[in-house]
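The structure appears below as structure tokens.
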Amino acid sequence: MSSQLEKVKELIELRQEARLGGGQKAIDKQHERGKYTARERIAQLLDEGSFEELDMFVRHRCTNFGQEKKSYLGDGVVTGYGTIDGRLVYVFAQDFTVFGGSLSETMALKICKIMDMAMKMGAPVIGLNDSGGARIQEGINALAGYAEIFQRNIMASGVIPQISAILGPCAGGAVYSPALTDFTIMAKGISYMFLTGPKVVKTVTGEDVTQDALGGAEVHSAKSGVCHFAAEDGEDALRIIRKLFSYIPQNNMEEPPLVECNDPIDRLEDSLNEIIPDSATRPYDMYEVIGAIVDNGEFLEVQRDYARNLIVGFARFNGQAVGIVANQPKYLAGVLDSNASRKGARFVRFCDAFNIPLVTLVDVPGFLPGTGQEYNGVILHGAKLLYAFGEATVPKVTVTLRKSYGGSHIVMSCKQLRGDMNYAWPTAEIAVMGGAGAVEVLYAREAKTAENPAEFLAEKEAEYNKLFCNPYNAAKYGYIDDVIEPRNTRFRIIRALQQLATKKVTNPAKKHGNIPL
Ligand code: HXC
């Protein structure tokens, strides 16, 4: 064999060794845990055969605790680039078979390298996390590595989309990288995220808690809001990422991909003309409205199980991706509260950062009152949503279906927050407050001396409702651009979005605003 052939053979053998990560035994253990390896995951995520791996021959440089005798090619992370539906993405996948996927100095360098390339090329970064945290043997160098990644997460925020899948442990300060990215997807049963694990919790607070109850996918989806999508398993998590990408652009200078639309743009939905119940206190399901108006009824909901009184997610109108923000009358009457406001604000800001128009569907009775909310800072949280809508310069189309009262009317993308097209259904009630509450305030004294107080108040309420609880009062002042037939909503939104395609608005130059965090 020529020496060149021998060198090629050596290369092939090294590659084979690198592809085995921590070795076959560790791979088998990973499979026994119900998890895929880093390379298997990348293959599932990207277009077939598109992955180009980088830094396969990197080894750690640590000599503490005899580490020099134990090193693996690639050092616990697989990095590189490939495509999703033909579009370039950068990816890193932590390899749990090597030191439990723990983060070393060199592993951080590998991750930072692809993050820097993603920024240069204007392409998204996807991180597949499965790691025991900082590599203990490397001490401060591992911490420095995390900080380097965090700094890049911050610089990339709002420039390129950053997505994190949690497919195993993600604990300690390591959780802050996913938290800094745009979307976090957790796989049920195999993933967990927490700052301190159950043992530390027990020592510090005495509380007994399992990993799953402390930081599993369900907990972070329904209770904390840290997780945006709870996937059924690891493969499902990767499917969700591919779907999510179909709605978002490569970077903040591009538009989201336009897809061919075979759903007629002038499709009339007669059911919408009868969806609002006669009684103002009876709910209906906002999902039915969304399903009826968007292309082919397809809706990718974000944070489905968190603050269910506000629905946010991606859909398309005539093939154009939009972000939908909608009150859900079926849950807590669609009231706005702290969690719903935070959820909405973050989603609106993502859409605005990445040129995704906003369609807002309003049916909101107001903000949730009480000490629970006030002590929790609903003033600040509500202001976040207000700020996010007011700051957004993407096309904004608002449709008021029924209630739109008081502060919540303003917050939900009203005309004065630079709503571009503000429509209302004939059932809309746009007023300072509902009739019953209003007459209690206005006529409390007269009611006391009236012959029949209940009858008197009912009369006054009817008067108030006639005057204020309709869309025409707002339309009279131009705050509503048109009152539309509900069944024609899809067509009117599409027309509005077409008209707004060339919209250009810029905010005043500043270092950055001071959103009430
Ligand atoms: C070095 C690690 C490691 C780590 C795991 N391993 N975590 N090596 N540094 N942080 C190694 C194990 O020694 C083991 O090696 C292999 O990975 C697999 O781990 P197991 O424990 O066998 O797996 P499992 O039973 O599934 O448990 C997984 C685990 C556990 C829950 C993640 O390993 C664990 O608790 N690890 C420590 C977690 C931790 O406290 N990390 C530091 C957090 S502080 P062998 O050779 O036996 O196969 C932190 C700060 C970050 O991360 C700050 C950022 C700002």
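The values are calculated or read from the model by the stated rules, or taken from the named source; none is laboratory data. Here the structure is a predicted model, which means the values were calculated and not measured. Reconstructed Cβ throughout: ideal geometry from the backbone, glycine too, with neighbour counts over all protein chains shown. Remember, those area values only see protein heavy atoms, side chains included, never the ligands or the DNA or RNA. Shrake-Rupley method; radii C 1.70, N 1.55, O 1.52, S 1.80 Å.
A few remarks follow.
- Largest-first principal axis extents, alpha carbons of region 262-333, Å: 37, 29, 12
- All aspartates and glutamates inside 13 Å of Lys188 as judged from Cα atoms, apart from same-chain residues fewer than 8 positions distant: Asp212, Glu218, Glu232, Asp233, Glu235, Asp236
- Label sites at Met253 and Leu88, each approximated as a point 7 angstrom past Cα along Cα to Cβ, lie 1.2 nm apart.
- Where both bridge residues fall in the chain, DSSP classifies roughly 35% of the beta bridges as antiparallel.
- Sites Glu32 and Glu52, calculated FRET efficiency, Cβ-Cβ separation with R0 25 Å, nearest 0.05: 0.25
- Hull-based mean projected area of the chain, where the convex hull spans the alpha carbons, in square nanometres: 30.2 nm²
- Overall size of region 353-439 from C-alpha positions, given as principal axis extents largest first: 39, 34, 16 Å.
- With N counted as the residues of region 159-214, its alpha-carbon radius of gyration over 2.2 N^0.38 Å works out to 1.26.
- Per-residue [θ]222 nm for the chain (sum of -39500 (n - 2.57) over DSSP H runs n ≥ 4, rounded to 500): -11500 deg cm²/dmol
- Span from the region 470-517 Cα centroid across to the region 223-251 one, whole angstrom: 28 Å
- Gyration tensor verdict on region 414-463 (Cα atoms; rounded if a/c is under 1.5, prolate if a/b is larger than b/c, oblate otherwise): prolate
- Which of Gln328, Ile493, Leu109, positive extreme of dipole for the chain (C-beta unit charges): Leu109
- Probe 1.4 Å, accessible area per residue of the chain, Å²: 46 Å²
- Dipole orientation for region 169-283: of the candidates Val204, Pro169, Pro249, Val204 has the Cα lying most toward the positive pole (charges on Cβ; Lys, Arg +1; Asp, Glu -1).
- For the pair Ser157 and Arg61 in one chain, pulling the backbone fully straight at 0.36 nm per residue adds 31.5 nm over the alpha carbon distance.
- Relative contact order of the chain, pairs being alpha-carbon contacts under 8 Å that are 6 or more residues apart, as %: 9 percent
- Per residue Cα convex hull volume in Å³ - calculated over region 1-63: 150 Å³
- Whole-number Å³ per residue for the convex hull built on Cα positions in region 71-186: 92 Å³
- Length-normalised contact order for region 144-225 - Cα pairs under 8 Å, 6+ apart - percent: 25 percent
- Each distinct pair of alpha carbons in region 213-262 adds a 1/r term; the inverse of their mean, the Kirkwood radius, is 13.0 Å.
- Taking a straight line from the alpha carbon of Lys460, these lysines sit under 18 Å away, with near neighbours fewer than eight places off in the same chain left out: Lys448.
- Charged-residue dipole, Cβ positions (Lys, Arg, Asp, Glu), the chain about Cα centre, Debye nearest 20: 1320 debye
- Degrees between helix 435-449 axis and first principal axis of the chain (Cα, 0 to 90, nearest 10): 40 degrees
- Chain lengthening between Phe150 and Lys7 when straightened (0.36 nm per residue, less Cα-Cα): 47.6 nm
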